[in-house]
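The values are calculated or read from the model by the stated rules, or taken from the named source; none is laboratory data. Keep in mind that this is a model prediction, so the values were computed, not measured. All Cβ positions, even for glycine, are placed from backbone atoms using ideal geometry, and neighbour counts span all protein chains on display.
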Amino acid sequence: MQAVAPEADAGIERWLDGDQPKWDTIDFELPCSRCGYDLRMLTLPRCPECGLQFAWRDIIEARRRRNEFLFEYRWRERPVRSWLLTAFSGLRPWRFWRRVSIHEHVRAGPLLVFLLSAVPAFLVTTHAVAGALWLIFWSASRVPGGPTARFFGGQTLPVFRLLADFAVEMALLSINAGPAYVYVALAAFLILGAATLLLVSLRQTLGRCRVRSAQVLRVAAYAAVPATITCGALLVASIVGVGCLTLYIAPSLGDVVTLGLALTVPVLVLGVYLSVGLRHYLQLPRPWLLGFTASAVAVLFTLTAFMFTTVLLQGGW
Ligand SMILES: [Zn+2]
């Protein structure tokens with residue numbers, strides 16, 4: 001028996017009698033899209049295992065077609081274009097998940113690649129946003145009569161000039177930070193990996209049913225890339241603004257504010273993107289609790305791993 005409904009040129013009517021499936025003509029597997037329970041010969045369009053409600057027509061139709069824009073289906077023909085389309089559509093998650101059906105055939109390989117591409121996407125975004133901010137503040141600082149601020153030590157300095165200096169430092173982070181730059185990429189990788197693994201390990205209990213791990217991976221991958229893009233942009237903008245001014249006005253607060261932003265922004269942004277997928281795509285109960293728990297645990301795990309490694313390298317304990 002085939003695993004997927006064939007992409008035949010004939011319509012799907014040969015498998016349907018009105019809205020009911022014609023079981024004697026269906027020669028492909030028909031598992032529940034969410035939990036994998038065999039739906040064959042059921043009379044009601046509701047999974048007895050996980051309670052997912054569906055329309056037979058939607059399942060059969062979605063299983064035999066390829067989504068028109070997702071990287072998961074188009075990576076062979078149009079890798080760059082489909083990556084960009086998927087990543088930027090994902091920035092509006094409510095709209096994105098309306099265009100993706102839970103009944104589509106999930107392809108784990110390309111999804112894993114897409115998930116991993118979130119790390120370079122994060123780095124590129126931070127440099128691009130920092131570069132753009134530098135250009136804006138530098139242009140503003142050229143205009144005479146701009147705002148000035150009285151800083152620690154009684155010095156009066158032009159605000160836009162300070163912001164421009166801070167932005168250019170962030171844009172050149174890869175050069176200035178040297179080998180420590182690898183930690184930025186590693187942190188993004190660990191946060192995304194930990195959140196995905198946590199959700200996959202909880203899949204037995206998610207919504208009181210065993211959710212297919214490929215479906216959990218799909219939510220994690222399509223949340224990861226837009227989350228890192230948003231996170232990169234917000235982190236740079238907030239660190240440049242708040243961090244820079246704090247650093248000059250009260251230098252002792254600078255590190256605390258930067259660390260606070262670096263912890264809360266990823267938890268909030270990744271939490272929102274995961275929760276919307278868990279709610280609108282997997283239709284699970286308590287999606288916000290699950291999404292924010294996964295992102296908070298992942299960020300705390302990464303922080304602990306870094307602190308532990310630092311102490312160990314410095315010969316503590
Ligand atoms: Zn089910």
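Taking the stated definitions as given, is residue 263 surrounded by 22 or more Cβ atoms within 10 Å (Cβ to Cβ) and modelled with pLDDT of 80 or more?
Working: surrounded by 22 or more Cβ atoms within 10 Å (Cβ to Cβ): no; modelled with pLDDT of 80 or more: yes.
So residue 263 fails the test.
Looking at the range 31-45, I want the residues that are closer than 12 Å to residue 56 by Cβ and aromatic (Phe, Trp, Tyr) and have a partner that is within 8 Å of the ligand (Cβ to nearest atom) and not in a loop (DSSP other than H, G, I, E, B) with Cβ atoms under 9 Å, at least 6 apart or on another chain. Which pairs are those?
none
May I ask you to say which residue of 305, 296 is at pLDDT below 95, assigned by TED's automatic domain parsing to the domain that holds residue 199, part of a helix (DSSP H, G or I) and not hydroxyl-bearing (Ser, Thr, Tyr)?
Details: 296 fails: at pLDDT below 95.
Checking each option against the conditions leaves just 305.
Looking at the structure I just gave you, is residue 198 over 26 Å from residue 135 (Cα atoms) and assigned by TED's automatic domain parsing to the domain that holds residue 142? Let's see the steps before the verdict.
On the way: over 26 Å from residue 135 (Cα atoms): yes; assigned by TED's automatic domain parsing to the domain that holds residue 142: yes.
Here the answer is yes, as residue 198 does meet what is asked.
From (1) out of contact with any Leu (no Cβ under 6 Å at 6 or more places or on another chain); (2) outside any helix (DSSP H, G or I); (3) surrounded by 18 or more Cβ atoms within 10 Å (Cβ to Cβ), pick out the condition that doesn't hold for residue 73.
Tallying (1) out of contact with any Leu (no Cβ under 6 Å at 6 or more places or on another chain); (2) outside any helix (DSSP H, G or I); (3) surrounded by 18 or more Cβ atoms within 10 Å (Cβ to Cβ), residue 73 fails exactly one: (2).
Of these, 111, 123, 135, which one is assigned to a helix (DSSP H, G or I), under 15 Å from residue 222 (Cβ atoms) and not hydroxyl-bearing (Ser, Thr, Tyr)?
Working: 123 fails: under 15 Å from residue 222 (Cβ atoms); 135 fails: under 15 Å from residue 222 (Cβ atoms).
None of the others qualify; the one that does is 111.
On the basis of being touching a strand residue (DSSP E or B) at 6+ places or on another chain (Cβ under 9 Å), buried (at least 17 other Cβ atoms within 10 Å of the Cβ) and assigned to a helix (DSSP H, G or I), does residue 141 make the cut?
Numbers: touching a strand residue (DSSP E or B) at 6+ places or on another chain (Cβ under 9 Å): yes; buried (at least 17 other Cβ atoms within 10 Å of the Cβ): yes; assigned to a helix (DSSP H, G or I): yes.
It is true that residue 141 is touching a strand residue (DSSP E or B) at 6+ places or on another chain (Cβ under 9 Å), buried (at least 17 other Cβ atoms within 10 Å of the Cβ) and assigned to a helix (DSSP H, G or I).
How many residues are under 18 Å from residue 223 (Cβ atoms) and not in a helix (DSSP H, G or I) when one looks only at the range 76-90?
Narrowing the range 76-90 to residues under 18 Å from residue 223 (Cβ atoms): 82-90.
Going one step further and asking which of them are not in a helix (DSSP H, G or I), we end up with 90.
So the answer is 1.
Would you point out which residue out of 116, 133, 162 is farther than 29 Å from residue 54 by Cβ and either of a type in the set (Val, Ile, Thr) or at pLDDT below 85 (or both)? It would help to see each step written out before you state the result.
Values: 116 fails: either of a type in the set (Val, Ile, Thr) or at pLDDT below 85 (or both); 133 fails: either of a type in the set (Val, Ile, Thr) or at pLDDT below 85 (or both).
Exactly one of 116, 133, 162 is farther than 29 Å from residue 54 by Cβ and either of a type in the set (Val, Ile, Thr) or at pLDDT below 85 (or both), namely 162.
Being closer than 30 Å to residue 103 by Cα, in the same structural domain as residue 202 (by TED's automatic domain parsing) and of a type outside the set (A, V, I, L, M, F, W, C): is that true of residue 285 here?
yes
So which pairs qualify, if the first residue must be in the range 248-274 and more than 20 Å from residue 305 (Cβ to Cβ), the second must be surrounded by fewer than 14 Cβ atoms within 10 Å (Cβ to Cβ) and among the small types (Gly, Ala, Ser), the Cβ gap must be under 9 Å, and the two must be at least 6 apart or on different chains?
248/149; 249/149
Which residue is nearest to the ligand (Cβ to nearest atom), if the candidates are limited to the range 16-61 and must be among the hydrophobic types (A, V, I, L, M, F, W, C) and not in a loop (DSSP other than H, G, I, E, B)? Walk me through it before giving the result.
Initially, the range 16-61 is screened for residues among the hydrophobic types (A, V, I, L, M, F, W, C), giving 16, 23, 26, 28, 30, 32, 35, 39, 41-42, 44, 47, 50, 52, 54-56, 59-60.
Adding the requirement that they be not in a loop (DSSP other than H, G, I, E, B) leaves 16, 28, 56, 59-60.
Working: 16: 20, 28: 17, 56: 14, 59: 11, 60: 16 Å.
Looking at residues that are among the hydrophobic types (A, V, I, L, M, F, W, C) and not in a loop (DSSP other than H, G, I, E, B), I get 59.
In the range 30-61, what residues are under 15 Å from residue 101 (Cα atoms) and among the hydroxyl-bearing types (Ser, Thr, Tyr)?
33 - this is the single residue of the range 30-61 that is under 15 Å from residue 101 (Cα atoms) and among the hydroxyl-bearing types (Ser, Thr, Tyr).
I'd like to know if the range 150-161 contains one or more residues that are free of Cβ contacts under 8 Å to residues at least 24 places away in the same chain and under 20 Å from residue 113 (Cα atoms).
Looking through the range 150-161, none of the residues is free of Cβ contacts under 8 Å to residues at least 24 places away in the same chain and under 20 Å from residue 113 (Cα atoms).
So that you can scan it fast, the table gives a plain yes or no per residue for (1) under 17 Å from residue 236 (Cα atoms); (2) free of Cβ contacts under 8 Å to residues at least 24 places away in the same chain; (3) assigned by TED's automatic domain parsing to the domain that holds residue 19; (4) not aromatic (Phe, Trp, Tyr):
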{"site": "80", "(1), (2), (3), (4)": "no, yes, no, yes"}
{"site": "104", "(1), (2), (3), (4)": "no, no, no, yes"}
{"site": "117", "(1), (2), (3), (4)": "no, no, no, yes"}
{"site": "125", "(1), (2), (3), (4)": "yes, no, no, yes"}
{"site": "138", "(1), (2), (3), (4)": "yes, no, no, no"}
{"site": "170", "(1), (2), (3), (4)": "yes, no, no, yes"}
{"site": "175", "(1), (2), (3), (4)": "yes, yes, no, yes"}
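Taking the options 253, 235, 206, 199, name whichever one is buried (at least 20 other Cβ atoms within 10 Å of the Cβ) and at pLDDT below 85. Write out each step before concluding.
Numbers: 253 fails: buried (at least 20 other Cβ atoms within 10 Å of the Cβ); 235 fails: at pLDDT below 85; 199 fails: at pLDDT below 85.
Among 253, 235, 206, 199, only 206 is buried (at least 20 other Cβ atoms within 10 Å of the Cβ) and at pLDDT below 85.
Within the bounds of the range 80-89, is there any residue that is under 26 Å from residue 13 (Cα atoms) and either within 16 Å of the ligand (Cβ to nearest atom) or not small (Gly, Ala, Ser) (or both)? Full working, then the answer.
First pass over the range 80-89, keeping only residues under 26 Å from residue 13 (Cα atoms): none.
For the range 80-89, residues under 26 Å from residue 13 (Cα atoms) and either within 16 Å of the ligand (Cβ to nearest atom) or not small (Gly, Ala, Ser) (or both): absent.
I'd like the full set of residues that are within 30 Å of residue 259 (Cβ to Cβ) and of a type in the set (Ser, Thr, Tyr), limited to the range 279-302.
293, 295, 302
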